[in-house]
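Read the structure below first, then the notes.
Values quoted throughout were computed directly from the atomic coordinates according to the rules given, and no laboratory measurement underlies them. Every value quoted in this text rests on a predicted model; they were computed, and no experiment measured them. Counting neighbours? That spans all protein chains shown, and the Cβs are built from the backbone with ideal geometry, glycine included.
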């Protein structure tokens, strides 16, 4: 599963699910240097991206909580249908093709088949039909990690690359994930996880995360940079880079705090 090491953007802005494109554009413009953006699916994602400079886009998919809410409120068919309508014919075609390629896994209700379909459904809501890269969202990454499902990690990396995108994983357990990926010989293009001077949300411990980042081959994009606003953004970014992060992800809240 090895592949040439990718050099991801060094400074990305996490757009979250912001509903006001003008506010996002103002904050990002005020922030100055930006090499890429990280976005999650939302009804406003396309408008937000349209108001920003053309930079690499990494999408964190799927938004499992919103998907489950939609299914509970509207039923599975309508929830899926709204995503197909948003993406048009191309999404329907990709979904059908992906489903056909994973029929056996879907019949077994295996995540190897379910997750590619969820990613295809959510791509249209991420604001760009084909983002430069996709990271599996942390709740699902960490579920697969707890299950030790190495084969599914490897399959998702292959699936995303075959679809023309960089393959990544978002996690709340960065030290554990990097260690397991290395032991499984699974080499995604990037991993997103907490890395900051306070050790905030760094699991299993801050020391173990730093050690895993230092010895690992997978590029790490550091999130939770300012540890809940307790560290100045510039200091936090410098710390992450000094400790091996290939890039840093700055949230809109952190940009707003820096601008105030």
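So the values come out like this:
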quantity	calculated
Bins of 10 Å, starting at 0 and running to the largest distance - Cα pair percent for the stretch 102-203	15, 47, 31, 7, 1
Size descriptor, Kirkwood hydrodynamic radius, that averages inverse alpha-carbon separations across the chain, Å	18.7 Å
Most mobile listed residue (195, 140, 106) in the chain, GNM with C-alpha springs under 10 Å	106
At R0 = 30 Å, FRET efficiency that the Cβ-Cβ distance of residue 182 and residue 257 yields, to 0.05	0.30
Pairwise FRET efficiency - residue 211 versus residue 44, Cβ, R0 = 51 Å, nearest 0.05	0.80
Debye intensity ratio I(q)/I(0), log10, the stretch 141-260, q values 0.18, 0.21 Å⁻¹ (C-alpha model)	-0.88, -1.11
Inter-probe distance in nm under a simple model that places probes 7 Å from Cα toward Cβ, at residue 20 and residue 158	4.7 nm
Value of relative contact order over the chain, rounded to a whole percent, pairs C-alpha under 8 Å and six or more apart	21 percent
